[in-house]
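The values are calculated or read from the model by the stated rules, or taken from the named source; none is laboratory data. These figures come from a predicted structure and were not determined experimentally. Here the Cβ positions follow ideal geometry from the backbone for every residue, glycine too, while neighbour counts run over all protein chains shown. Heads up: the accessible areas ignore ligands, DNA and RNA and are worked out on the full protein's heavy atoms, side chains in. Shrake-Rupley method; radii C 1.70, N 1.55, O 1.52, S 1.80 Å.
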Amino acid sequence: APPAPAPPPARHLFSDPAEVEALRGSLLAWYDRCKRDLPWRALAATEPDANRRGYAEVANAAGSGTGVPGGALPALWLSINTRLCLSEQEVNELWAGLGYYSRGKRLQEAARKVVSELAGQMPRTAEDLQKLLPGVGRYTAGAIASISYGQATGVVDGNVIRVLCRLRCIGADSSSPSVIDRLWDMANVLVDRSRPGDFNQALMELGATVCVPKAPLCGECPVKQHCQAWRRVEKELAFASQKLFGKPPPVPDVEDCGVGDCPLCPPAMEPWDSSLGVTNFPRKVAKKPPRTMRTATCVLEQRGCHGAPEYLIVQRPSSGLLAGLWEFPSLPLAQDLQEEKEREKLADHLQAWMGQPVAAKGLQFIGEVIHIFSHIHQTYVVYSLHLDGDVTLNPALSPCRWVTEEEFHSSAVSTAMKKVLKAHEKHRRKESSPVKGSKRKRGAKAQGAGSTCPGIQLSLRAFLRAPTAP
Ligand code: SF4
């Protein structure tokens, strides 16, 4: 067997039990004094039902950083108590426009599994949570197990990475699996045995409020005495001031471990930069540029029975980007396609939906809409087409339905599609002559699995409002 890798130098570890004890005490005392009043903390502290506590933490972890409105996540974890699983459609509607569709979907799958396969009982340890619940990764499992069930297990999120890298001068790429593993080891060593949930929240809170990315408040930091990055900055300041007064300078004793062979120090080519101070850590690694994509999309419009416009939306496949969401009929395009070819391809695509010829020149160009997903720079080339007369949609294709503008906005459509509709409306307002209405009968329009019946949305809203309605 290959020899085990040598342990990292002591300056990157928490190997002194007395120091670990002191750090825990300082951090928890600060947390007790300064913690923010966050709604889920009250829930974690006061909710007597262990399953509700646990699932609330799943929902919290899944929603962190997403801007998900307060009502959506409790509504999801209500599934656990009511034993009523929301449908994928309903979950998509809750999360629509927030850009985190797959999280909402996985949260729903986890709820479904707890309800249907685990007899409504949340797993209680980090290992079981990660193993048994879809979408529950190492961080979420650690957070639930420590905060809701008191297991002495650490957590590592973006805030914790930053704090630990500064505490222990870790300048190697903090997104690399080997460094991440070291940080998990460290978090597991540090976590307080009697108050693990509070300790983990304190470490995350420190990163969110004091040890912030750009201008950390080291002067107010409760653990600065244990922080190697801060000590290095202090030594440099002392060194500089002694030099200024002509005193013999002491030799700084907080240099990097060695040149090039420490797996946790900054790379030899990018040494400590005094002008950055503690923000030398964690080391930023250049992000990959987003992939660029072009997609042709068409706002297909007809007049509804009251003369108001209605639009055709179709459902995306149940996996991949924007899984299960609804959109205007769209078609990915090759990057270097001529406009004429784009139109032709889009016309062919629409023809498949509508089962009748669509003339490429009948497509009106509206403009381009750019939307940035986390890893994709997407350009939608927007066209529109007004339909007159009956159209029989092809039910063999994906689900599709006609929706009014109001229904469009309450459907599970992405933010990008809302931008597309906005561009279309703006274009229409600019046009001087009004569009002639269609005589198409309403009775022939709903096709596929979808429906324009507003009852679906109403019943969902009623369900969500029920627990808080006065
Ligand atoms: Fe972060 Fe500064 Fe505290 Fe160190 S002393 S942990 S760098 S805030």
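What to note about this one:
- Normalising the average separation of contacting C-alpha pairs (under 8 angstrom, six or more residues apart) by the number of residues puts the relative contact order of region 291-432 at 33 percent.
- Length released on extending from residue 318 to residue 245, taking residue separation times 0.36 nm less the Cα-Cα span: 19.3 nm
- Extended-chain gain in nm, criterion 0.36 nm per residue less alpha-carbon gap, residue 117 and residue 32: 26.7 nm
- Placing R0 at 22 angstrom, the Cβ-Cβ distance between residue 364 and residue 429 gives a FRET efficiency of 0.95 after rounding to 0.05.
- For the set 284/418; 287/341; 214/235; 341/422; 345/426; 35/214, the pairs lying more than 27 angstrom apart at their alpha carbons are 284/418; 287/341.
- Among 304-316, 199-211, 149-161, 267-279, the peptide with the highest mean count of other Cβ atoms within 10 Å heads the list, and the full ranking is 199-211, 149-161, 304-316, 267-279.
- Solvent-accessible area of residue 245 with every protein chain in place, 1.4 Å probe, in Å² to the nearest 10: 150
- Fully extended contour minus Cα-Cα distance, from residue 285 to residue 180, at 0.36 nm per residue: 36.4 nm
- In nm, spacing of pseudo-spin labels at residue 338 and residue 422 (7 Å Cα→C-beta vector): 3.4
- Placing a pseudo-label 7 Å from each Cα along the Cα-to-Cβ vector at residue 276 and residue 394 gives an inter-label distance of 5.5 nm.
- Hits among aspartates and glutamates - C-alpha to C-alpha of residue 243 under 20 Å, sequence gap 8 or more where chains match: 234, 253, 255, 273
- Cβ-Cβ FRET estimate between residue 372 and residue 19, R0 fixed at 56 Å, reported to 0.05: 0.80
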